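In what follows, a single structure is set out as structure tokens and then discussed.
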Amino acid sequence: MGLLSDPHCRRALSRLVLRLNTPLCALSYVMGLGWFLALAFQPLAPRTYMSENAMGSTMVEEQFLFGERALSYAREFAGHKKKAGGMPVAWLEKTMWSLGLEVHRQPFARTLPFPDETRERYMVKGTNVYGILRAPRAASTESLVLSVPCTEGPHNNQAVGLMLALAAYFRGQIYWAKDIIFLVNEHDLLGMEAWLEAYHDVNVTGEVRSSGTLGRAGAIQAAISLELSSDVVTSFDVAVEGLNGQLPNLDLLNLFHAFCQKNGLLCTIQGKLPRSDWDSLPAYAHSLQTLLLMVLAQASGRPRGDHGLFLRYRIEAITLRGINSFRQYKYDMTTVGKTLEGMFRKLNNLLERLHQSYFFYLLPSLSRFVSIGIYMPAFGFLLLVLILKISFLGGREAGEGQAAPSGPGMDSRPGLLALVPPLLICQAAGLALYCLPVLGQRVATQHFPVSEAEAVVLTAIAIYVAGMALPHSTHRVLAGAGSDRGWMTLKLLALLYLALQLGCLALLNFSLGFLLAATMVPAAAAVQPNGPRVLLAVLLVLATPAATLLLGIFLQRELVEAPAAAGEGWQLFLAAVGEGLLQHHLYGALPFPFLALCAYPAWLLLWNVLFWK
Amino acid sequence: MAAAAAALLLLLLAAAAGPGRVGAGRARRDALREELLLSPLPAGDVAATFQFRTRWDADLPRGAVSHYRLFPKALGRLVAALGVQELHLALTQGFWRTRTWGQPPLQAPAGAELWVWFQPTVTDVDKAWKELSNILSGIFCASLNFIDSTNTVTPTASFKPLGLANGTDHHLLRYAVLPREVVCTENLTPWKKLLPCGSKAGLAVLLKAERLFHSSYHSQAVHIRPICRDASCLAVSWELRQTLTVVFDTFSSGQGKKDWSLFKMFSRTLTDACPLASQSKVYVDISPKNKEKELLEVTPAPASVYEAIVQGDKRTYAVYDLLSPSLFNTSRSLNVQLKWKRPQDTELPTPVLHAQRYVSGYGLQTGEISTLIYNTHPYRAFPVMLLETVPWYLRLYVHTLTIITKGKENKPSYIHYQPAQDRRRPHLLEMLIQLPANSVTKITIQFERALLKWTEYTPDPNHGFYVSSSVLSALVPSVIAMKDVDVEQSPLFTSL
């Protein structure tokens, strides 16, 4: 600390920061990106290992042999589903009851804020059915969940079949210490949200209407969501990213990985198989791809499976998706069932909630992880750019103040009062972006020939773009602006605001924070009114959160080896905006309000700086 | 006259005077009656309730007794030394599913429960309570020594003495529950050793730990109370009841078949009665449901059939008397078998009163304890007494207490609340609530989790903390009028 408390050192340091500011910023930015790229490199990503003692060391011996029974249940379920034209509630209840479960149903209804065009739903009515296997000689204080979404069409019948077969088998065993809930939820995430809210007797997202009194089974310790649409599988893909980029405890993933290895199942993450070699360049590229896909998925803040909503309630959960590709070797239901049985029996052994292993991690492959201690510096370097720039501006202002203490009166304090209007206007623009699209959908559909969903998305984009015209109008409000100090103070404020936001965000959702920092930081650091204005304007436009979203979509398509054309990309972009709004209103996802109320106003402030007169 | 009342659920009980045999041990000063009740539950499971009653015509607390015969000396000396008026200890593993199984013959919460009335002569009740719980902890190998002031309460209205008592001064009552207590064979063995025949003869041969813990529910209890010696009630006798209830699950052991036999349940059969017992009987509940044909077929054919009214229902029981010589004439052992005559219907009868409790909300700061109480009686409203004991580290906000029935607020007619003191005593909340007919009453109260010192966490802190069960006492209306009962002669399961 001597470096900072000693006035000599401090002066030397501040001189260094002032003189070498631009090279230091550039260096820091490059180091940040470089660090991030190095995360996929083997020495930084150690092998995963099981931390939880209760689940480690000994393997259970699985005895599930009822793959055929699962398939016959699946066929029966498919038939009844077709006949009922939706979820066959009565049949499910009867079947679960005959298996010896305590059966409950939960009807729910929800009206979306605007129609969801990709899934074609607006006023949703559905029923969740679940059966509880009561553990013998336990007081129903803890439970595990196996959930299966009942989707329309021929999907996921096998998952229901396997679930019923597992329930029948589990019911005959006496070693259960925790209750097991077998849940079939309708309308995927909507049903799941309704069920979770009713189970915890809370109302997080507002308007779900569901029946109140349900059978309960204590605190849920872990949940597994299963998606399976074929009689045989070639591999399993595991999805971990939940709502707002929350991740389950790494031990749950390790558990799945351990049983995949035990049963010889192929398992993938982000659809990418792990490679055996680590030291070659293609191997590095492969793990970087996987890592980037995870970062993009986490940054989007949307749950990548039905498990995603459990995480809010501190329930560790993952989604397992059976994949049936053209590979030769297939696995039958018995193997899949054995894997699930093993996982449940291990989870059953838990004495405490999963808490031993990491909650913050990135996965360059299923068997390797990057912990928060390793990846945070990458973000730290990016944030350092902003901090350097802030101290530079602060130092300059302080220096100017000292150099001209008796400077011209009109210039001395243009500052704070004059800065209030742009700040307020930018925040108001953000607020408008947050509120108006949904509120104004009716007006928009009356005046323009568009559907509600289109109206919402287009209103959002229109408000977003209109915000860029603001600097010209704010200047009329400003009297006595136009000095260098004015824009520098404004930029200082904008940078402080941005740094604070990104710093907080990275703690909650590293990926989103990092992506926003990687795009916004250089533009934010470089922006000034007197320079190559066109170039800076282009740079700043490229750095808006919306452009980041668009770029993210293209990058994602590139990484999954299905590149999108420009038109398709635009369609995806529109869909993503609508989806973001819906996710916020339905499940309380945070990316949209964050972008509208925080990142967008901060960016507008920078835009104001650029057009400062 | 001993009150014909159930432990926690005060019920209007009625039983016709049965053909009970007057025990041969009457002349002697102590007597043992043993009894096994097998009752098929509505969901297809089978509950087996053992009751062993030792009755002793002696004045224990006076300290004049030095010779013990059937009554266990450990407990007798305990009662004498500590001035115990009445003692109820239950060790339970599992949870009685009232909704699917109906009302239990004997109520007990999960974990260990101990409630004791002391005699008015006891000056320092807290000291005696502490000493008592420590001694019992040693006798039953249970962690009862963890009962201290932080989990002991003195309820004012929920408990009544079940035996003879002159007054009900609630300062003499102590009640504690240890919900985290795990019950296992180490608790069963000392309990079995209190029996006069041990597990060598009589019904107790069925008490094989390996099978008893291969069940869905296991609850063992000890009840000591003073009762009238005879009808004139001029002298006091002491009664020790040892009860054990187990529920066998059809699915996990029957491979889908719902037929039962003693051998299947206990992997033993009965060969004789306990030579010290004055009565030894097996009862099987064969009551027809919904006045239809009999559901169950029992083999061998029972020697007699007994009808009683238990918990407001008319029941029919097949009776096997182990002391009658004819029973073991044909075969050397008794293996009672139950066969379901037709598949069960899916509609289970719901009990008149059942309840459910859960914690709502999420996160580590606040939460809400919700209790749902169901009254499914079609036209009768009745009051229930609710007792909640909440540990001090959950800070209750009493102003958030809401009681809602059918969308309207329900004002309790009696409330007793004793706030917690940090590290000293728990919250105690007692309420008398009227349940309208055919209704669900929801009682919620919010809490905040207190910060604990690091030494105050239990082992495995991420496992969570246990909150003990609440106690519901109710006068459940029944359709059958109450009759005067001779308790002494009716089977044991109809009383207590």
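The values are calculated or read from the model by the stated rules, or taken from the named source; none is laboratory data. On a predicted model such as this, the values are computed, not experimentally measured, just so you know. Here the Cβ positions follow ideal geometry from the backbone for every residue, glycine too, while neighbour counts run over all protein chains shown. For the accessible areas, the whole protein counts, side chains as well, though only heavy atoms, and no ligand, DNA or RNA atoms are used. Shrake-Rupley method; radii C 1.70, N 1.55, O 1.52, S 1.80 Å.
Numbers for the structure displayed
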quantity	calculated
Total residues in segment B:352-380, condition within 10 Å of another protein chain (Cβ to nearest Cβ) and not in a loop (DSSP other than H, G, I, E, B)	10
Residue in segment B:433-456 that is farthest from the chain's Cα centre (by Cα), counting only those that are under 17 Å from B:Gln365 (Cβ atoms) and open to solvent by 70 Å² or more (accessible area, probe 1.4 Å)	B:Leu451
Residue that is farthest from A:Ile315 (Cα to Cα), among those in segment A:214-227 that are open to solvent by less than 20 Å² (accessible area, probe 1.4 Å) and modelled with pLDDT of 90 or more	A:Leu226
Which listed residue is open to solvent by less than 20 Å² (accessible area, probe 1.4 Å), away from chain B (no Cβ under 14 Å) and small (Gly, Ala, Ser), from A:Ser300, A:Ser287, A:Ser276, A:Ser280	A:Ser287
Qualifying residue in segment B:393-400 (condition: touching a Lys or Arg at 6+ places or on another chain (Cβ under 9 Å), open to solvent by 20 Å² or more (accessible area, probe 1.4 Å), in contact (Cβ under 8 Å) with a residue 24 or more places away in the chain and among the aromatic types (Phe, Trp, Tyr))	yes
Within segment A:141-159, considering residues that are part of a loop (DSSP other than H, G, I, E, B) and at pLDDT 85 or above, the one nearest to the other protein chains (Cβ to nearest Cβ)	A:Thr141
Number of positions in segment B:86-97 that are more than 11 Å from the chain's Cα centre (by Cα) and either within 15 Å of B:Val222 (Cβ to Cβ) or not assigned by TED's automatic domain parsing to the domain that holds B:Trp238 (or both)	2
Residues satisfying the stated conditions in segment A:171-191, i.e. away from every other protein chain (no Cβ under 14 Å) and either at pLDDT 90 or above or not in a loop (DSSP other than H, G, I, E, B) (or both)	A:Phe182, A:Leu183, A:Val184, A:Asn185, A:Glu186, A:Asp188, A:Leu189, A:Leu190, A:Gly191
A:Ser225 vs. criteria part of a loop (DSSP other than H, G, I, E, B) and more than 14 Å from chain B (Cβ to nearest Cβ)	no
Residue within segment A:102-120 that is buried (at least 19 other Cβ atoms within 10 Å of the Cβ) and either within 10 Å of another protein chain (Cβ to nearest Cβ) or in contact with a Cys (Cβ under 9 Å, 6 or more places away or on another chain) (or both) present	yes
Test: residue in segment A:205-213 that is open to solvent by 10 Å² or more (accessible area, probe 1.4 Å) and not in a loop (DSSP other than H, G, I, E, B)	yes
Single residue of segment B:98-112 satisfying the filter (under 12 Å from the mean Cα position of the chain (by Cα) and part of a loop (DSSP other than H, G, I, E, B)) that is nearest to the other protein chains (Cβ to nearest Cβ)	B:Ala110
Test: residue in segment A:123-130 that is out of contact with any strand residue (DSSP E or B) (no Cβ under 6 Å at 6 or more places or on another chain) and open to solvent by 30 Å² or more (accessible area, probe 1.4 Å)	no
Residue in segment A:33-40 that is closer than 30 Å to A:Leu228 by Cα, modelled with pLDDT of 85 or more and not hydroxyl-bearing (Ser, Thr, Tyr) present	no
Criterion (more than 30 Å from A:Asn509 (Cβ to Cβ), in a helix (DSSP H, G or I) and at pLDDT 80 or above) met by exactly one of A:Met488, A:Met410	A:Met488
Only listed residue being out of contact with any Ser or Thr (no Cβ under 8 Å at 6 or more places or on another chain) and on the phi < 0 side of the Ramachandran plot, chosen from B:Pro383, B:Pro391, B:Pro412, B:Pro426	B:Pro412
Breaking point among (1) over 29 Å from B:Gln418 (Cβ atoms); (2) touching a Phe, Trp or Tyr at 6+ places or on another chain (Cβ under 6 Å); (3) charged (D, E, K, R), for B:Arg180	(1)
Cross-chain or 6+ apart pairs with Cβ under 9 Å, segment A:20-35 first and under 16 Å from A:Ala524 (Cβ atoms), then open to solvent by 50 Å² or more (accessible area, probe 1.4 Å) and not aliphatic (A, V, I, L, M)	A:Asn21/A:Ser391
A:Leu196 assigned to a helix (DSSP H, G or I), closer than 30 Å to A:Phe326 by Cα and either within 14 Å of chain B (Cβ to nearest Cβ) or under 19 Å from the mean Cα position of the chain (by Cα) (or both)	no
Residue match in segment B:118-131 (condition: in a strand (DSSP E or B) and touching a residue at least 40 places away in the same chain (Cβ under 8 Å))	yes
Residues satisfying the stated conditions in segment A:74-102, i.e. modelled with pLDDT under 90 and either among the aromatic types (Phe, Trp, Tyr) or part of a strand (DSSP E or B) (or both)	A:Trp97, A:Glu102
Exclusive hit being assigned by TED's automatic domain parsing to the domain that holds B:Tyr358 and either touching a Gly at 6+ places or on another chain (Cβ under 9 Å) or part of a strand (DSSP E or B) (or both), set B:Pro412, B:Pro383	B:Pro383
Residue list for segment A:445-462, restricted to those being crowded, with 20+ Cβ neighbours inside 10 Å and either among the charged types (D, E, K, R) or over 25 Å from the mean Cα position of the chain (by Cα) (or both)	A:Ala455
Residue within segment B:134-144 that is crowded, with 22+ Cβ neighbours inside 10 Å, closer than 30 Å to B:Arg357 by Cα and in contact with a Lys or Arg (Cβ under 7 Å, 6 or more places away or on another chain) present	no
Filter result (farther than 22 Å from A:Lys262 by Cα and either within 14 Å of chain B (Cβ to nearest Cβ) or over 23 Å from the mean Cα position of the chain (by Cα) (or both)) within segment A:346-373	A:Leu351, A:Glu352, A:Arg353, A:His355, A:Gln356, A:Phe359
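Here is a yes/no grid of residues against (1) among the charged types (D, E, K, R); (2) open to solvent by 50 Å² or more (accessible area, probe 1.4 Å); (3) without any contact (Cβ under 8 Å) to a residue 24 or more places away in the chain; (4) within 30 Å of A:Arg312 (Cα to Cα):
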{"position": "A:Glu558", "(1), (2), (3), (4)": "yes, yes, yes, no"}
{"position": "A:Glu568", "(1), (2), (3), (4)": "yes, yes, yes, no"}
{"position": "A:Leu572", "(1), (2), (3), (4)": "no, yes, yes, yes"}
{"position": "A:Val577", "(1), (2), (3), (4)": "no, no, no, yes"}
{"position": "A:Gln583", "(1), (2), (3), (4)": "no, no, no, yes"}
{"position": "A:Leu590", "(1), (2), (3), (4)": "no, yes, no, yes"}
{"position": "A:Tyr600", "(1), (2), (3), (4)": "no, no, no, yes"}
{"position": "A:Trp603", "(1), (2), (3), (4)": "no, no, no, yes"}
